[in-house]
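Take a look at the structure set out below.
The values are calculated or read from the model by the stated rules, or taken from the named source; none is laboratory data. All values reported here derive from a predicted model rather than from experimental measurement. Here the Cβ positions follow ideal geometry from the backbone for every residue, glycine too, while neighbour counts run over all protein chains shown.
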């Protein structure tokens with residue numbers, strides 16, 4: 001049976017680890033929070049967050065003070081701001097250029113829309129698939 005001191009020591013170690021984890025998250029996410037580019041009516045994250053599933057994408061965008069763009073917003077970026085779109089994604093290395101949208105597929109709760117920013121096409125994909133993430137927000 002563990003003594004009270006052992007339980008307190010374990011609790012203190014857990015608290016310390018949680019604080020260290022919070023510092024690491026802040027160190028990773030804080031630089032991203034301030035890098036936004038205004039295109040059209042929205043501010044687009046200047047850097048891609050990487051590739052992840054849809055639920056992770058929503059969480060990460062929220063963590064940096066943004067949200068996933070809708071399918072229409074991604075399509076507008078490609079259709080009406082092509083030059084700025086190409087400039088925005090030029091450093092996103094590798095293929096594919098599919099990006100998650102926040103728009104869920106009607107009648108299919110495990111699917112959401114992606115937009116291929118290389119040619120503007122759209123596709124619905126399972127939410128568990130990893131695609132690129134670029135967040136938006138209305139204000140800088």
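Grab the strands (runs of 3 or more DSSP E) fully contained in the range 39-140, keeping just those with 2 or more residues being without any contact (Cβ under 8 Å) to a residue 60 or more places away in the chain.
98-104, 111-116, 121-126
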For residue 82, state whether it is modelled with pLDDT under 95, under 18 Å from residue 124 (Cα atoms) and either surrounded by 19 or more Cβ atoms within 10 Å (Cβ to Cβ) or more than 20 Å from the chain's Cα centre (by Cα) (or both). no
Yes or no: the range 13-36 includes at least one residue that is modelled with pLDDT under 95, buried (at least 16 other Cβ atoms within 10 Å of the Cβ), within 20 Å of the chain's Cα centre (by Cα) and in a strand (DSSP E or B). yes
Please go through the range 89-100 and pick out each residue that is at pLDDT 85 or above and either touching a helix residue (DSSP H, G or I) at 6+ places or on another chain (Cβ under 9 Å) or surrounded by fewer than 17 Cβ atoms within 10 Å (Cβ to Cβ) (or both). 99, 100
